[in-house]
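Take a look at the structure below.
Throughout, read-outs are computed from the coordinates displayed, never taken from laboratory work. Just so it is clear, the structure is predicted and the values come from calculations on it, not from any experiment. Here the Cβ positions follow ideal geometry from the backbone for every residue, glycine too, while neighbour counts run over all protein chains shown.
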Amino acid sequence: MAELELSTSVPEAADDGVWLACIECGATYAPFEGVIYTCEDCDGLLEARYDSYPTFEAFEGRGVWRYAAALPFEEGVSLPEGDTPLHSVPRLEADVGVRTLRIKHEGMNPTGSFKDRGMTVGVRVAQELGVERLACASTGNTSAALAAYGARADLETLVLLPSGKVAAGKLAQAGLHGARILEVDGNFDDCLDIVQALAERGEVYLLNSLNPFRLEGQKTIFFELLEQFHADEGRYPDRVVLPAGNAGNTAALYKALRELVHAGALAPGDVPKITAVQAEGSAPLVEAVEEGNDDVERWSDVETRATAIRIGYPVNARKALPGIHATGGTAVAVSDEAITEAQRALAEEGVGVEPASAASVAGLRKLRESGVVNEGEDVVCLTTGHLLKDPDAAAAAGTAPESVPNDADAVLDHIEGRRRSGSGGLLGRVRRRLG
Ligand SMILES: *Cc1c(COP(=O)(O)O)cnc(C)c1O
Ligand SMILES: [Zn+2]
């Protein structure tokens, strides 16, 4: 855990014990005096730093704001979010072949994805800065969350989406919560370029995961996950497996772990291995890990059924890759077929997730089969979004509806696979109608 050490000296820029630091050159900035997203000197990513980091004992209350001691504010614009279940999945656990498999289901947040945890903090910061118009580029879930939290805070909200590539549930949410939805003839990365340009001109406040405060909220997933796992098992997991798009969550996981180690709350030997999963058609982070690079090459053409991770240029790669390396983790790419299979396997345990979420389980299975993950491991897979986000994918993966006659006997015959003969029976009736 030597990389990206948390500095202990408080810079002049600190405001109430909080400041922003460039992860590349170490420059520090006042967090709430003006709007800043990246380093003014070198354009590097910024991250929030604090004058002290809490141990688990400092956490109290529920949801994201239970972790206020590790956040820049005591409370935020809340719906409320967090407190998501850590499911056991005994059949899947046995089938994958690990000692323990738990599913942290972030689809159980108010708008159905972990993005809510980032927005409760991000929109609170927007209020502190006094901005009027919020915006994001999105593959769908960020727009749904921003629309809801923006509405709650009574702020104008713009969302830029790749035309035709956003799952139906997410689009419906953004619209009903009253965001202006701008559909761009391009992919997510193009949308982000545009919204970043608008943010640079001061027209909008950017709430993509380039915004360091989004990741502060998302850190709480991992505080919560570690507390829950420890309460149940009396130890910490060996590995956390999560889908990666912009790799914001992967970066947030690493930040949560570094803060806990820094505070002495987590022994360095107890740090789980950060394991990121991407879809084969959209895997620049996996490529970087395989080639031993500490930055990604932009993929200009990306495609996958898991639209939430259909991203060719993960903006948080420079924060996420050191975490994968420092914890002994890895990154792996999975096929769309494997994602759908994992979505079904989770659903068979009663856990309904959208395709991108299932990538975590598909990735674990692949790493277990190749021997990277061993049978003695305790693993938590993160499922990031709810099944209803993408009803079309769910319908395509699940059983198809069967039409039956409006008659109890005929329905019974149908479910038992019996065929009736004669003109009064089902076949007779069907034949008559066809004839
Ligand atoms: C946003 C999102 C992801 C990707 O998260 P990153 O932090 O961008 O890597 C994965 N799954 C779902 C459902 C999402 O909404
Ligand atoms: Zn810098």
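Potential lengthening of the chain between E156 and D190 amounts to 10.0 nm, from the contour at 0.36 nm per residue minus the alpha-carbon distance. Relative to the longest principal axis of the Cα atoms of the chain, helix 355-369 runs at roughly 90 degrees. Give me the extension gain from E60 to N293: residue separation times 0.36 nm, minus the current Cα-Cα distance, reported in nm with one decimal. Full-extension gain reported as 79.9 nm. Shape summary: region 2-70 maps onto an equivalent ellipsoid whose semi-axes, from the alpha-carbon gyration tensor, are 24, 14, 11 Å in decreasing order. When L207, L412, L79, L225 are arranged by Cβ crowding within 10 Å, least crowded first, meaning fewest neighbours, the order is L412, L79, L225, L207.
Taking Cα centre as origin and charging only the Cβ of basic (Lys, Arg, +1) and acidic (Asp, Glu, -1) residues, the dipole magnitude of region 2-70 rounds to 400 debye.
Database remark: amide H of G44 closer than 5 angstrom to the amide H of C39 (H placed geometrically; neighbours at sequence offset of 5 or more, or on other chains; Pro and chain starts carry no H). In summary, the lysines within cross-link reach of K255, defined as a Cα separation below 22 angstrom excluding same-chain residues under 8 places away, comprise K104, K115, K219, K273, K319. Taking V379, V271, V411 as the candidate residues, the one with maximal mean-square fluctuation in a Gaussian network model of the chain, Cα springs under 10 Å, is V411. For the chain, the dipole from Cβ point charges (+1 on Lys and Arg, -1 on Asp and Glu) about the Cα centre works out to 1960 debye, to the nearest 20. Taking 0.36 nm per residue of separation and subtracting the Cα-Cα distance, full extension of the segment from S370 to D301 would add 22.1 nm. With a ≥ b ≥ c taken as the square roots of the eigenvalues of the C-alpha gyration tensor of region 115-210, please select rounded if a/c is under 1.5 and otherwise prolate if a/b is larger than b/c or oblate if it is not? Note, shape of region 115-210 comes out oblate.
Say we join alpha carbon atoms closer than 10 Å with springs in a Gaussian network model of the chain; which of K366, K389, K115 then has the biggest fluctuation? Looking only at K366, K389, K115, the largest GNM fluctuation is found for K366. Scanning residues 5 or more positions from E183 or on other chains, those with amide H under 5 Å from its amide H are L161, with H placed 1.01 Å from N in the peptide plane.
Determine the shape class of region 42-171: with a ≥ b ≥ c the square roots of the Cα gyration tensor eigenvalues, call it rounded for a/c under 1.5, and otherwise prolate if a/b is greater than b/c, oblate otherwise. Oblate is the answer for region 42-171, as a/c is 1.5 or above yet b/c matches or exceeds a/b.
Residue by residue, region 262-270 carries 3J(HN,Hα) couplings of 4, 6, x, 7, 10, 6, x, x, 9 Hz when phi is fed to the Karplus relation 6.51 cos²θ - 1.76 cosθ + 1.60 (θ = phi - 60°); x denotes Gly or Pro. Of the options L260, F114, A167, report the single residue whose Cα projects farthest towards the positive end of the charge dipole of the chain (beta-carbon charges: Lys, Arg +1; Asp, Glu -1). Working it through, the farthest residue towards the positive pole turns out to be A167.
Shown is the FRET efficiency for H230 and E74, computed with R0 = 35 Å from the Cβ-Cβ distance and rounded to the nearest 0.05: 0.90.
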